[in-house]
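Below: one structure, written as structure tokens.
The values are calculated or read from the model by the stated rules, or taken from the named source; none is laboratory data. Quick caveat, the model's predicted, so the values are computed rather than measured. Positions of Cβ are generated from backbone atoms using ideal geometry, with glycine treated the same way; all protein chains shown enter the neighbour counts.
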Amino acid sequence: MTDTVTPKAVSGASALVEKVPLETYVPPAKPSLIGLSRAEISDRLGEIGVQAGQRKMRTQQLWNWMYFRGAKSFAEMTNVSKDMRAELEKYFTVDRPKVVAEQISNDGTRKWLLRLPSGDKVERPHEVECVYIPETDRGTLCVSSQVGCTLNCAFCHTGTQRWCATSPPARSSAR
């Protein structure tokens with residue numbers, strides 16, 4: 001999300017600065033099943049009329065196709081009936097964020113710019129930066145939150161930003 005800084009009128013000689021979003025997120029008309037837990041996929045299947053007795057099997061089929069076989073469309077899911085694939089296609093996608101830029105440093109640190117699936121053909125799709133920092137005993141993945149960060153890593157612009165007045169501080173680094 002791109003932010004702009006605008007002055008907010010207050011009494012006295014000083015003015016507070018508040019961040020105001022320039023863009024709003026437009027969710028896709030058909031949400032992606034990618035990123036949902038098995039329970040959430042089962043719930044979504046129930047919402048489109050899949051019988052309770054079939055949900056566990058259908059959820060397992062979808063999970064296997066999405067995460068083990070890497071299916072990018074329901075048409076690839078050949079052990080799912082054609083009728084079920086057509087029904088899934090009406091309500092959902094299996095769209096994933098796309099890596100639109102990657103930088104790899106000498107120490108193995110990787111920085112990615114991800115473009116999120118968008119439901120709006122007019123607005124520019126939203127993009128998110130993330131950085132993977134390999135360490136000997138673990139790896140750290142930082143996802144830019146655009147509300148500031150206390151870690152202040154040298155390579156990251158988010159750490160230089162002040163906290164957004166409406167958002168509580170949260171660590172953007174998961175270790």
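For residue 109, all conditions in the list (1) in contact (Cβ under 8 Å) with a residue 40 or more places away in the chain; (2) surrounded by 13 or more Cβ atoms within 10 Å (Cβ to Cβ); (3) not assigned by TED's automatic domain parsing to the domain that holds residue 142 hold save one; what is the number of the exception?
That leaves (3) as the condition not met.
Quick one: in region 133-159, which of the residues that are modelled with pLDDT of 80 or more and polar (S, T, N, Q) is farthest from residue 104 (Cα to Cα)?
136
What are the residue pairs meeting all of these: first residue in region 33-49, first residue on the phi > 0 side of the Ramachandran plot, second residue surrounded by fewer than 18 Cβ atoms within 10 Å (Cβ to Cβ), Cβ atoms under 8 Å, and 6 or more apart or on different chains?
Hits for this filter: 49/87.
Considering each residue of region 121-132, count those that are more than 16 Å from the chain's Cα centre (by Cα) and either modelled with pLDDT of 85 or more or not β-branched (Val, Ile, Thr) (or both), and give that number.
Start the filter on region 121-132 by keeping residues that are more than 16 Å from the chain's Cα centre (by Cα), which leaves 121-123.
Subsequent filtering for residues that are either modelled with pLDDT of 85 or more or not β-branched (Val, Ile, Thr) (or both) retains 121, 123.
The number of residues fulfilling the criteria is 2.
Scan region 96-109 residue by residue and report those that are over 11 Å from residue 129 (Cα atoms) and within 19 Å of the chain's Cα centre (by Cα).
Listed by number, the residues that qualify are 96, 97, 98.
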